[in-house]
1. Out of 364, 347, report the one residue that is exposed (fewer than 12 other Cβ atoms within 10 Å of the Cβ), within 31 Å of the chain's Cα centre (by Cα) and either closer than 16 Å to residue 412 by Cα or assigned by TED's automatic domain parsing to the domain that holds residue 193 (or both).
2. Could you please find all residues in region 272-331 being within 25 Å of residue 419 (Cα to Cα) and aromatic (Phe, Trp, Tyr)?
3. Just checking, how many residues over region 100-127 are among the polar types (S, T, N, Q) and either within 16 Å of the ligand (Cβ to nearest atom) or within 18 Å of residue 154 (Cβ to Cβ) (or both)?
4. Considering only residues that are farther than 17 Å from residue 212 by Cβ and either free of Cβ contacts under 8 Å to residues at least 12 places away in the same chain or touching a helix residue (DSSP H, G or I) at 6+ places or on another chain (Cβ under 8 Å) (or both), which ones fall in region 232-244?
5. Which condition from (1) within 20 Å of the chain's Cα centre (by Cα); (2) at pLDDT 80 or above; (3) of a type in the set (A, V, I, L, M) is the one that residue 403 breaks?
6. Of everything in region 78-99, what is more than 11 Å from the ligand (Cβ to nearest atom) and either of a type in the set (A, V, I, L, M) or in contact with a Gly (Cβ under 9 Å, 6 or more places away or on another chain) (or both)? Give them in sequence order.
7. May I ask you to list the residues in region 125-160 that are in contact with a His (Cβ under 8 Å, 6 or more places away or on another chain) and either part of a helix (DSSP H, G or I) or of a type in the set (Asp, Glu) (or both)?
8. Of all the residues that make up region 240-260, how many are modelled with pLDDT of 95 or more and not in a loop (DSSP other than H, G, I, E, B)?
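The values are calculated or read from the model by the stated rules, or taken from the named source; none is laboratory data. Model, not experiment: these values are computed from the prediction. Reconstructed Cβ throughout: ideal geometry from the backbone, glycine too, with neighbour counts over all protein chains shown.
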Amino acid sequence: MPGSAVATGCIQPEPLRTGKTPNEVANTRIEAQEHERAPSLLHRSAFHPEEPPRRPHCDAELMSVPLPDMKALCLMSGNACAFPDCGERLVLTGAKGEQTIIGEIAHIVAESRQGPRGASALSDDERNRADNLILVCAKHHKIIDDNPHIYSVQVLRQIKLDHQHRIAKATERAIPLPAPILNKEQVHSTLLRLTSVPAFVYAAPCGFNDKQVKEVAERIHYPPEGSAEIVPFLLRDKKLYAFHDLRKARGPFEGLVDARKTEPIPIRDFWSDVEGCRRFVDLLNRSLRRHCAVRGVRYDSVHRRYHFCALTKGEERSQPYRTLTGKSYERLVVWQPKRRKTGEARNYWCHLAAGLRFHQMADNQWCFSIRPERHLTKDSETPLEADLVGRRVTRLKARMFNAAYLSEIQFWRDFLSEGKPRFILSFGRQSCIVETELIPFPAEWPGVPGDTKSFTHQVFEEDLFSFAELADAMGDKEAEWEDGALTETNDDED
Ligand SMILES: [Zn+2]
């Protein structure tokens, strides 16, 4: 046995010694009995039951490992050498089924204070506990003991820990989880349904180039003040695209386009290519910007979100709305946050904001999404520097949980529709109708733990005005379809 064995302190199946606790005595007895049945795990040299192996390098007075510690160590080692990438089996089975134990116990802090890795505050007893032992093959036992400068106490502890993790992971039982209790409920999305979109997009040659949006906007014949009609348009490839019928002699684009060369494009044809789809969404977005602008909500193209503007610089702004429970309430939409403790105003302004988008869900299905956001400014007008915004807004949003999130969505749908069942983007004879009911989905799911707040969908009720608006929007829409049908019939007749 090499001299290094001193440090490893082999465990002896030796006769009982004095000075042991009764428990240790009992353990040693069991240990001794076990040794009689199977060769020792503990020695490099062959084990002879009749003649206990000599342990020249182990102090006879040193303690043995208590059996529970030994068992724990062996079981947690998974019959494999703990040395990285060794994996040598520690109990070998021979051709005739005979078993040979080749595993050895090495001490992490040496059993002897004079041995390598021996200097430690650990007591003699602690040195022989499972915590301080590592099970390895003979080869690695020698490597460890011959190179204490490499295999320090810390390194060995890590090697042991890594090995035990590997074993635990490899033998992990797939414990079947108890089936979660599923709730059947209606989940409300943050999506609103579009029940009507324009049937046609009109394209007509235009004398202005793609960048002359301002020039065109200045020449439009806008509907009289107070009218809800929106006049969105796009300039692409020397053509003007609009939801307004450009064939009509009198219209918002009179004199801006060559009306006779107007091309009515059925909406589905327009959507059929990616670019057409993009242009359609662009027209809708321009309409929405207008719809919001007249309500004091501005679109910020940098962040692609809408935010409330101060009506007077440096003055807070509030907006009445109906809460989820149907109560009338007024909330601040532009405000200067105050320090909670001192009431002192902070050096930035908060504006209620939202990401508002149109999405195509299926061939002929569109929806509108609301994502609550915040817009920050220095003085209620000038945007805050980007590096200051990110952190603050992220923190604000991170604190916005389900209930707060829903109540902001409620706010936006109430605001956009003015408390009506829908909001209508009107383009004269065509329109886009967005229902304010959040699209519900039936869901069978475990639910959100701790989210006990029940959500009742606040339905905005119809009144005479909303009915009239809808009739208007739908009536014209139907007429438009009839026009289309008529055109088709005419084509057939040709
Ligand atoms: Zn090994």
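1. Every option except 364 fails the conditions.
2. Of everything in region 272-331, those that are within 25 Å of residue 419 (Cα to Cα) and aromatic (Phe, Trp, Tyr) turn out to be 299, 306, 308, 321, 329.
3. Initially, region 100-127 is screened for residues among the polar types (S, T, N, Q), giving 100, 112, 114, 120, 123.
Subsequent filtering for residues that are either within 16 Å of the ligand (Cβ to nearest atom) or within 18 Å of residue 154 (Cβ to Cβ) (or both) retains 100, 120.
Within region 100-127, residues that are among the polar types (S, T, N, Q) and either within 16 Å of the ligand (Cβ to nearest atom) or within 18 Å of residue 154 (Cβ to Cβ) (or both) number 2.
4. 243 - this is the single residue of region 232-244 that is farther than 17 Å from residue 212 by Cβ and either free of Cβ contacts under 8 Å to residues at least 12 places away in the same chain or touching a helix residue (DSSP H, G or I) at 6+ places or on another chain (Cβ under 8 Å) (or both).
5. All conditions are met except number (2).
6. We begin by selecting, within region 78-99, every residue more than 11 Å from the ligand (Cβ to nearest atom); these are 78-79, 91-99.
Those that are more than 11 Å from the ligand (Cβ to nearest atom) and either of a type in the set (A, V, I, L, M) or in contact with a Gly (Cβ under 9 Å, 6 or more places away or on another chain) (or both): 79, 91, 92, 95.
7. 127, 132
8. Looking only at that region, the number is 3.
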